[in-house]
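The values are calculated or read from the model by the stated rules, or taken from the named source; none is laboratory data. Quantities reported herein were computed from a predicted structural model and do not represent experimental measurements. Virtual Cβ from ideal backbone geometry, glycine too; neighbours counted across all protein chains shown. All accessible areas refer to the heavy atoms of the entire protein, side chains included, with ligands and DNA or RNA removed. Shrake-Rupley method; radii C 1.70, N 1.55, O 1.52, S 1.80 Å.
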Amino acid sequence: MNPLLKRILFFVILIGFWSFGSAVNLWSEVLFPSPLSVINSLVAGITDMTLIYDLIASFRRLAIGLSIALIIGTAIGVLIAKSKTADDTIGAMLLALQSVPSIVWLPLAIMWFGLNEKAVIFIVILGGTFVMALNIRTGIKNVSPLFIKAARTMGSSGFDLFLRVIFPASIPHVVTGTRLAWAFSWRALMAGELLSTGPGLGYTLRYASDFGDMSLVIGVMIIIGVIGAIVDQLIFQRIEKNVARRWGLS
Amino acid sequence: MFLTIQQLNKQFSDQNGQVSTILKDINLSVNEGEFISILGPSGCGKSTLLSIIAGLTSATEGKIKVEGTPISSPGKDRGMVFQEPALFPWLSVKENVMFPLKSDGSKIDAEEKATNYLKMVQLSNYLDHYPHEISGGMQQRVAIARALAMDPRLLLMDEPFGALDEQTRTRLHTQLENIWRDTKKTILFVTHSITESIKLSDRIIVMGTRPGTILADIKVTISRPREDHKEKMFELEEEIMTYLKKEIDKVIAEEN
């Protein structure tokens, strides 16, 4: 059977079971609302524009934070790939920092920047930077020595060699780094918004929770998941596959 | 003399500090326009020798001069073709050939030059293809065009056809011979195939192993195209085989 068909069938069954369970009161409507009430609150949120404004606000923070994370991450990655001393010091620290979920920085960020957008953007930057840096480092370190030899016999060296050979040769890792940085930043953004101020998807989630509006909570969770899946599968995984094919990696 | 190598020695030391001699007392003179094969069993240091001439590896002792100028680093006067094509996958065929031309002259000139050299290797229909879209033999022809595009005085080829199938190799031999005749480049061609060296070169430098030394310097006087003189080729092959057999016996004796 066609994988797409399988997937659609699976979701139909899942939602069917969910509707059935709600209809026969397998669980309380207050604790776990039916699909219909979730759809109703999503439609209401979209028609009165609150969810649209949330989406715009969240994406604005993500765009700012992720761009800064990619720039800083690339710079650090190049530095630790090129300098042994930097790799032994900063590189070791990055591995430690990467295992700390960026949201634990929020108390400090709120002290430094106040309970506002800047604190959230700071968390988003931290979420994406380290993973980008580590991928850039791997990419540069894994450039085929043959490419470098060939380029040197053609008179390329120094910065020219870096710009025209080493960097383009590590593009597959740049793409992977960007994909992972996006995923980490997206999670960091939601966590940050959940714990700080609005507008934003995470903030609306907490707001709905405070008012006991579980159907809106589930609705926002679905939006977060769908956006995550679309960006990862339809955008990044496609680019990754194309690049891998062209770079002769698959 | 166009290229001279004097008293060249190359030693490597491994992790335990053990020094092994790769090349010993290499002396070689090459005339401009000569097609020279460097022939030897694997491990005789023939690729290392080529890499030293390219300027990618440094010699422990000795001098290499191209037209009297000593060599210490890579330069556009020496083009190199490796066993693998080493084309850049993010560039199209034409852009790959334009790679060494970027720094000098205009883009239009570079494009025209690249197109001409790709015509020379009969790939003018594949200008906008990417390396992964063409066959291994075609990729190697692009690599040859790329090395020629910077108009080097000396073309260094390190077993360039080693990874190709028999038919492709035979076709590329003819193409390379034509290119050499038309461009009058000096070519140093590393190979382990006796037939290949006899078919292509004016002179064959036979190398022995452990350490790598020059065993014989043989002038090939058979007139071209060589395929028309199968008997003479066969005689020469027997002669070279006697040199190499001693080497192979030596390697086997050492390993037992």
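Per q in 0.10, 0.11, 0.13, 0.16 Å⁻¹, report the Debye log10 I(q)/I(0) for the range A:50-246, using one uniform scatterer on each alpha carbon and no solvent. So the normalised log intensities work out to -0.49, -0.58, -0.75, -1.01.
Calculated [222 nm] ellipticity per residue, helices only, for chain B: -11500 deg cm²/dmol; basis is -39500 (n - 2.57) per DSSP H run with n ≥ 4, divided by all residues, nearest 500. Looking at the protein assembly as shown alone, DSSP beta bridges between its own residues are antiparallel in about 50 percent of cases. With the simple spin-label model, which puts each label point 7 Å out from Cα in the Cβ direction, the B:Asn9 to A:Ser209 separation comes to 7.5 nm. Mean partner shielding of peptide B:87-100, defined as the number of other chain Cβ atoms within 10 Å of each residue Cβ, is 3. Between chains B and A, what is the buried accessible area summed over both chains (1.4 Å probe, protein heavy atoms, nearest 100 Å²)? Buried surface at the B/A interface: approximately 1900 Å².
With respect to the cross-link table entries B:Lys219/B:Lys245; A:Lys141/B:Lys65; B:Lys113/B:Lys185; A:Lys82/B:Lys10; B:Lys46/B:Lys245, which display a Cα-Cα separation exceeding 26 Å?
A:Lys141/B:Lys65; A:Lys82/B:Lys10
Let's test the formula: R0 of 30 Å, r as the Cβ-Cβ distance of B:Val19 and B:Ile252. What FRET efficiency results, to the nearest 0.05? For B:Val19 and B:Ile252, the calculated efficiency is 0.80. Between the helical axis of A:117-141 and the dominant principal axis of chain A, each derived from Cα atoms, what acute angle in degrees is found, rounded to the nearest 10? Result, in degrees: 40.
For the range B:1-96, the Cα gyration tensor yields ellipsoid semi-axes of 25, 20, 13 Å (square root of five times each eigenvalue, largest first, whole Å). Residues of the range B:53-80 buried by at least 40 Å² of accessible area upon assembly of all protein chains, compared with the chain on its own (1.4 Å probe): B:Leu56, B:Pro74. Annotation: Cα Rg of the protein assembly as shown relative to the compact-globule expectation 2.2 N^0.38 Å equals 1.37. Estimated from helical segments only, the mean residue ellipticity of chain A at 222 nm is -23500 deg cm²/dmol, where each DSSP H run of four or more residues counts as -39500 (n - 2.57). When Rg and the Kirkwood Rh are both derived from Cα coordinates, the Rg/Rh ratio for the range A:59-112 amounts to 1.05. Burial here means at least 50 square angstrom less accessible surface with every protein chain in place than with the chain by itself, probed at 1.4 Å; in the range A:123-156 the buried residues are A:Leu146, A:Phe147, A:Arg152, A:Thr153, A:Met154. In the range B:120-154, the residues whose accessible area drops by at least 50 square angstrom when the other protein chains are added to the isolated chain are B:His132; the probe is 1.4 Å and only protein heavy atoms count. Amide H to amide H, with H built 1.01 Å from N, B:Gly62 comes under 5 Å of B:Asn9, counting only residues 5 or more places away or on other chains.
Dividing the alpha-carbon radius of gyration of the range B:152-199 by the rule-of-thumb value 2.2 N^0.38 Å gives 1.11. Can you tell me how the range A:1-108 classifies by the Cα gyration tensor, rounded, prolate or oblate, using a/c under 1.5 as the rounded cut? Taking the square roots of the gyration eigenvalues as a ≥ b ≥ c, the range A:1-108 is prolate. Accessible area per residue for the protein assembly as shown, computed on protein heavy atoms with a 1.4 Å probe, is 50 Å².
Give me a single rounded figure for A:162-168: the average over its residues of other chain Cβ atoms within 10 Å of their Cβ. All intermediate terms of the calculation are to be shown ahead of the outcome.
Numbers: counts 0, 0, 5, 3, 0, 1, 4.
Across the residues of A:162-168, the mean count of other-chain Cβ atoms within 10 Å is 2.
On the accessible surface of the protein assembly as shown, probed at 1.4 Å, how many percent belong to carbon and sulfur atoms?
60
With the simple model of a label 7 Å out from the Cα in the direction of the Cβ, A:Leu234 to B:Glu61 spans 7.0 nm.
Among A:Gly114, A:Thr204, A:Phe10, whose Cα lies farthest out toward the positive end of the dipole of chain A, if unit charges sit on the beta carbon of Lys, Arg (+1) and Asp, Glu (-1)? Checking the options against the dipole of chain A, the answer is A:Phe10. How would the range B:172-224 be classified by its alpha-carbon gyration tensor: rounded, prolate or oblate, with rounded meaning a/c under 1.5 and the a/b versus b/c comparison settling the rest? Here the range B:172-224 falls in the prolate category.
Taking other residues whose beta carbon is less than 13 angstrom from the beta carbon of B:Tyr243, and scoring Lys, Arg as +1 and Asp, Glu as -1, yields -3.
Once you reduce the range A:34-51 and the range A:61-94 to the center of their Cα atoms, the two points are 41 Å from each other. Relative contact order of the range A:50-246, taken over Cα pairs closer than 8 Å and 6 or more residues apart, is 27 percent. Every pair of different Cα atoms in chain B enters the Kirkwood calculation, which places the hydrodynamic radius at 19.2 Å.
Charges only on Cβ, +1 for Lys and Arg, -1 for Asp and Glu: so what's the dipole of the range A:50-246 about the Cα centre, in debye to the nearest 20?
So the magnitude is around 940 debye.
What's the center-to-center distance, using Cα atoms, between the range B:94-147 and the range A:190-250 in Å? For the range B:94-147 versus the range A:190-250, the Cα centre distance is 45 Å.
With θ taken as phi - 60° and the Karplus curve 6.51 cos²θ - 1.76 cosθ + 1.60 applied, the whole-hertz 3J(HN,Hα) list for the range A:33-48 is x, 6, x, 4, 5, 4, 4, 4, 6, 5, 4, 4, x, 6, 5, 8 Hz, x standing for glycine and proline. Using the Cβ-Cβ distance between B:Lys230 and B:Asp109 with R0 set to 35 Å, the FRET efficiency from 1/(1 + (r/R0)^6) comes to roughly 0.20.
With a ≥ b ≥ c taken as the square roots of the eigenvalues of the C-alpha gyration tensor of the range A:189-237, please select rounded if a/c is under 1.5 and otherwise prolate if a/b is larger than b/c or oblate if it is not? Oblate shape, in that a/c is at least 1.5 and b/c is the bigger or equal ratio.
Note on A:Ala63 and A:Val24: with the Förster distance fixed at 45 Å, the Cβ-Cβ geometry gives a FRET efficiency of about 0.50. Centroid-to-centroid, using Cα positions, the range B:41-62 and the range A:97-142 are 48 Å apart.
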